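Trainee: Have a look at the structure that comes next, please.
Each value in this text was obtained by applying a stated rule to the coordinates, not by laboratory testing. Just so we're clear, the structure is a prediction, and the values are computed from it rather than from any experiment. Don't worry about glycine lacking a Cβ; one is built from the backbone with ideal geometry, like all the others, and counts go over all protein chains shown.
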Amino acid sequence: MKFKPLLLRSADIYQFFQRIFKQAFHAPSEWREVLKQCFAVGNRSFFLVTFTAFLAGVVFTRQSRPSLSSFGAESWLPSLVSQAVIRSLGPLITGLICAGKLGSNIGAELASMKVTEQIDAMEVSGSRPFSFLVVSRVTATTLMLPLLVVYADCVALLGSFITVNFINNTGFKLYFNTVASHITYLDIFSSLIKATFFGFAIGFISSYAGYNSDNGTTGVGKAANTAVVISMLFIFIIDLVMLQFINLFR
Amino acid sequence: MDTSADYLKKSSTAKMGNRPIVASLRHVKKSFGAMEVLRDISLDLHQNENLVILGRSGTGKSVLIKCMVGLIRADTGEINVLGCDVRSLTPDQLDELRLQIGFSFQGSALYDSMTVRQNLEFPLKRNKAIFKKKELEDLVINALKDVGLENTSDKMPSELSGGMKKRIGIARTLILKPKIMLYDEPTAGLDPITATEINELILSVREKYNTSSIIITHDISCARQTSDRIIALVNGLNKEESTFDELKQTKDPDLAPFFSY
Ligand SMILES: Nc1ncnc2c1ncn2[C@@H]1O[C@H](COP(=O)(O)OP(=O)(O)OP(=O)(O)O)[C@@H](O)[C@H]1O
Ligand SMILES: [Mg+2]
């Protein structure tokens with residue numbers, strides 16, 4: 001990409017960003033649509049998040065157990081699992097699943113509305129499509145991702161507990177007491193902040209890709225693809241940046 | 001070749017009597033990159049008039065009316081609609097103006113995730129903050145009656161035929177009681193009988209809502225049935241301006257082929 005187009009694109013992205021913030025505070029009247037989009041976000045990703053988080057809990061536990069027991073440190077398992085899940089595994093899995101599922105959904109949905117001139121139709125009837133379509137979606141993903149992460153954490157820990165219980169009959173209470181005693185407020189708080197950023201990134205990137213897609217049917221595929229790829233990339237980038245940042249407080 | 005300014009001088013404005021002008025364009029230009037689409041367009045739309053803009057595919061007819069509602073920014077020129085200078089309005093003022101303009105899209109542009117009823121309710125809820133069930137229902141049913149499709153309100157757009165979609169699209173704009181209607185190729189892709197029905201609808205909308213309309217088309221029978229006056233668009237200039245019967249006699253090599261069907 002040449003320098004000038006890149007510069008123009010950055011200015012365009014910045015403008016999009018500004019517009020979202022301006023309208024998010026100006027138009028709380030969008031709550032109906034936000035609620036609807038929140039439900040859609042939950043609905044679209046619930047099954048996949050449940051499934052992957054559970055499997056991740058099981059697999060991580062089964063893989064860590066042998067190496068821990070070779071040090072005779074099997075009792076550390078709950079604390080290891082809980083920290084891994086809450087600090088990293090839960091948010092990352094949820095982020096990636098949502099980037100794939102929601103990114104493609106939002107990107108394709110907005111792009112096809114753009115291509116078939118539905119967005120123009122809202123515009124010419126004075127219906128403020130930006131706040132209706134974009135602000136509501138970005139707000140919904142930003143609000144819902146933390147919830148989904150908490151849920152994914154619980155499911156992953158449950159998967160881990162079931163595995164442990166299956167192998168050596170550890171009781172529910174004992175297991176979760178150990179888990180709880182090793183989780184700090186900082187862990188929970190930082191994971192929620194991270195999830196909020198994930199949610200905003202997914203909503204923002206996917207909406208931008210869809211709302212500004214090229215005309216034509218190929219534009220729809222391209223927008224969905226861009227939405228997913230760039231969202232996933234940003235999940236990792238945010239993860240890394242947040243890790244550095246949080247380590248300042250540890 | 002005459003420029004559009006020359007044409008304005010001998011424009012057939014006199015035929016419209018002294019009806020007030022509701023929209024006027026002066027020397028409007030628009031290019032996309034190196035491609036000049038509108039090179040110099042000037043026209044007037046009179047109160048209660050049906051103005052047909054005739055032109056081949058790709059001559060910038062859609063671009064022209066999109067400039068009039070500010071969907072596309074014209075590069076230079078004056079665009080005055082209902083007393084507002086479109087090019088200098090703030091977004092809020094533009095929204096205000098757009099409420100008085102109905103825009104029927106070439107591809108209907110129905111919101112495909114909503115039912116017909118929700119499509120019609122959408123502009124009411126968003127603009128007029130009308131949320132009362134009874135009031136919405138009355139307005140929706142009335143608008144649907146006007147286009148002759150009362151019993152489609154619970155259908156999804158994907159279940160409708162092309163002609164029905166066009167009608168619903170028109171109903172969705174009528175529901176805001178516009179003063180100006182802009183029809184982008186209302187009959188494109190429809191069979192002659194359905195096309196005639198749409199033409200009649202356009203005429204009845206003018207009767208009932210007292211609108212002034214610009215009808216964009218390359219369909220000569222649509223032009224014949226709906227037009228008071230025709231402007232022919234060739235190479236980004238408004239080339240000829242007259243009534244249908246006058247235009248029919250034209251020897252102009254750019255326009256004559258339209259009539260030799
Ligand atoms: N947003 C845009 N960006 C770049 N070029 C555009 C854009 N919109 C239209 N054009 C170009 O402008 C020209 C005129 O387009 P327009 O859609 O106005 O044609 P039209 O007269 O409506 O034709 P048709 O009868 O096929 O609808 C076309 O060559 C098109 O490629
Ligand atoms: Mg067109």
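Trainee: Mind putting a number on the dipole of chain B about its Cα centre? Charges go on the C-beta only, +1 for Lys and Arg and -1 for Asp and Glu, and I need it in Debye to the nearest 20. Kindly include the intermediate steps, with their values, before the conclusion.
Mentor: Numbers: 36 positive and 35 negative charges, 96 e Å.
About 460 debye.
Trainee: In terms of Cα to Cα distance under 14 Å, which aspartates and glutamates are near enough to B:Lys179, apart from those fewer than 8 places away along the same chain?
Mentor: B:Glu49, B:Glu96, B:Glu207
Trainee: Something else about it: Efficiency by 1/(1 + (r/R0)^6): what FRET value for B:Ser260 and B:Met35, r their Cβ-Cβ distance, R0 = 45 Å, to the nearest 0.05?
Mentor: Working: r = 29 Å, r/R0 = 0.64.
After rounding, the FRET efficiency stands at 0.95.
Trainee: Using the Cα centre of the protein assembly as shown as origin and beta-carbon charges of +1 (Lys, Arg) and -1 (Asp, Glu), tell me which of B:Gly169, A:Leu77, B:Ile180 is placed farthest towards the positive end of the dipole.
Mentor: Going by the charge dipole, the pick is A:Leu77.
Trainee: For chain A, with a Gaussian network of springs between Cα atoms less than 10 Å apart, report the residue from A:Ser125, A:Ser181, A:Ser190 with the top mean-square fluctuation.
Mentor: Most flexible of the set in this elastic network: A:Ser125.
Trainee: Can you give the mean number of other chain Cβ atoms that lie within 10 Å of the Cβ atoms in peptide A:112-121? Mind dumping the intermediate values first?
Mentor: Working: counts 2, 4, 0, 1, 8, 11, 11, 3, 7, 15.
The shielding value for this peptide is 6.
Trainee: Among A:Phe54, A:Phe21, which comes first, second and so on when ranked by fewest other beta-carbon atoms within 10 Å? Walk me through the numbers on the way to the answer.
Mentor: On the way: A:Phe54 18, A:Phe21 11.
Going from sparsest to densest Cβ surroundings: A:Phe21, A:Phe54.
Trainee: Let me ask something else. Determine the gain in length on full extension of the stretch B:Asp252-B:Glu159; use 0.36 nm per residue of separation and subtract their C-alpha separation, reporting nm with one decimal. It would help to have the intermediate numbers written out before the result.
Mentor: On the way: separation 93, 0.36 × 93 = 33.48 nm, distance 4.35 nm.
Gain on extension, B:Asp252 to B:Glu159, equals 29.1 nm.
Trainee: Could I ask something else about it? Loop-only check: which trypsin sites (Lys or Arg not before Pro) in the range B:49-152 are DSSP coil with at most 16 other Cβ within 10 angstrom?
Mentor: Details: sites: B:Arg56, B:Lys61, B:Lys66, B:Arg73, B:Arg87, B:Arg98, B:Arg117, B:Lys125, B:Arg126, B:Lys128, B:Lys132, B:Lys133, B:Lys134, B:Lys145; in loops: B:Arg56, B:Arg73, B:Lys132.
Here the sparse-neighbourhood loop sites are B:Arg56, B:Arg73, B:Lys132.
Trainee: Compute the orientation-averaged projected area for the range B:107-177 from the convex hull of its Cα atoms and round it to one decimal in nm².
Mentor: Values: hull surface 17.0 nm².
The directionally averaged projection comes out at 4.2 nm².
Trainee: Here is a further query. Shape of chain B from its Cα gyration tensor (a ≥ b ≥ c, root eigenvalues): rounded if a/c is under 1.5, otherwise prolate when a/b > b/c, or oblate? Each step should come with its number before you reach the end.
Mentor: Working: a/c = 1.86, a/b = 1.45, b/c = 1.28.
Taking the square roots of the gyration eigenvalues as a ≥ b ≥ c, chain B is prolate.
Trainee: Follow-up. How many angstrom separate the Cα center of the range A:189-225 from the Cα center of the range B:77-149?
Mentor: 29
Trainee: Another one. What ranking of B:Thr59, A:Thr61 emerges when the number of other C-beta atoms within 10 Å of each C-beta is taken as an exposure proxy, fewest first?
Mentor: B:Thr59, A:Thr61
Trainee: Note down the relative contact order for chain A as a percent, whole number, built from C-alpha pairs under 8 angstrom at least six residues apart.
Mentor: On the way: 318 pairs, mean separation 79.5, N = 250.
Contact order relative to length: 32 percent.
Trainee: OK, next. Cut-off under 16 Å on the C-alpha distance; same-chain residues fewer than 8 positions from B:Lys145 excluded. Which lysines are left, in chain and number order?
Mentor: B:Lys155, B:Lys165, B:Lys166, B:Lys177, B:Lys208
Trainee: Which listed residue (A:Phe236, A:Ser104, A:Phe189) has the Cα farthest towards the positive end of the charge dipole for the range A:29-249, taking +1 on Lys and Arg C-beta and -1 on Asp and Glu C-beta about the Cα centre?
Mentor: The Cα lying farthest towards the positive end belongs to A:Phe189.
Trainee: Listing A:Leu8, B:Leu120, A:Leu80 from the residue with the fewest other Cβ atoms within 10 Å to the one with the most, what is the order?
Mentor: Numbers: A:Leu8 11, B:Leu120 25, A:Leu80 18.
Lowest to highest Cβ neighbour count: A:Leu8, A:Leu80, B:Leu120.
Trainee: Hey, another quick one. Taking H as built 1.01 Å from N, whose amide H comes closer than 5 Å to the amide H of B:Leu233, not counting residues under 5 places away?
Mentor: Those lying under 5 Å, H to H, from B:Leu233 are B:Leu54, B:Gly55, B:Lys239.
Trainee: Right, another one. Within the range A:95-152, report the chymotrypsin sites (Phe, Trp or Tyr not before Pro) that DSSP leaves as loop and that have at most 15 other Cβ atoms within 10 Å. Kindly include the intermediate steps, with their values, before the conclusion.
Mentor: Values: sites: A:Phe130, A:Phe132, A:Tyr151; in loops: none.
Those that pass, being in a loop and sparsely packed, number zero.
Trainee: Could you compute Rg(Cα) / (2.2 N^0.38 Å) for the range A:29-249, with N its residue count?
Mentor: On the way: Rg = 20.0 Å, N = 221, 2.2 N^0.38 = 17.1 Å.
Normalised Rg, Cα atoms only: 1.17.
Trainee: Still on this structure, please answer the following. Report, ordered by chain and residue number, the lysines lying within cross-link reach of A:Lys114, taken as a straight Cα distance under 17 Å and ignoring same-chain residues fewer than 8 apart.
Mentor: Qualifying lysines at Cα under 17 Å: A:Lys222, B:Lys66.
Trainee: Given the Cα atoms of the protein assembly as shown, and with Rh set as the inverse mean 1/r over their pairs in the Kirkwood sense, what is Rg to Rh to two decimals? Each step should come with its number before you reach the end.
Mentor: Numbers: Rg = 29.3 Å, Rh = 26.2 Å.
Rg/Rh: 1.12.
Trainee: A further question follows. Using a 10 Å cut-off around each Cβ of peptide A:56-65, what is the average number of partner chain Cβ atoms that fall inside? Show your work: numbers first, answer last.
Mentor: Working: counts 0, 0, 0, 0, 0, 0, 0, 0, 0, 0.
Taking the mean over all residues of the peptide, I get 0.
Trainee: Which value at 222 nm does chain A reach when only helices count, each DSSP H run of 4 or more adding -39,500 (n - 2.57), with the total divided by all residues and rounded to the nearest 500 deg cm²/dmol?
Mentor: Working: 9 runs with 207 residues, N = 250.
Value at 222 nm, helices only, nearest 500: -29000 deg cm²/dmol.
Trainee: Let's test this: bin the Cα-Cα distances of the range B:155-261 at 5 Å from zero up to the farthest pair and state each bin's percent.
Mentor: Result, from short to long distances: 2, 11, 22, 21, 18, 13, 8, 3, 1, 0 percent.
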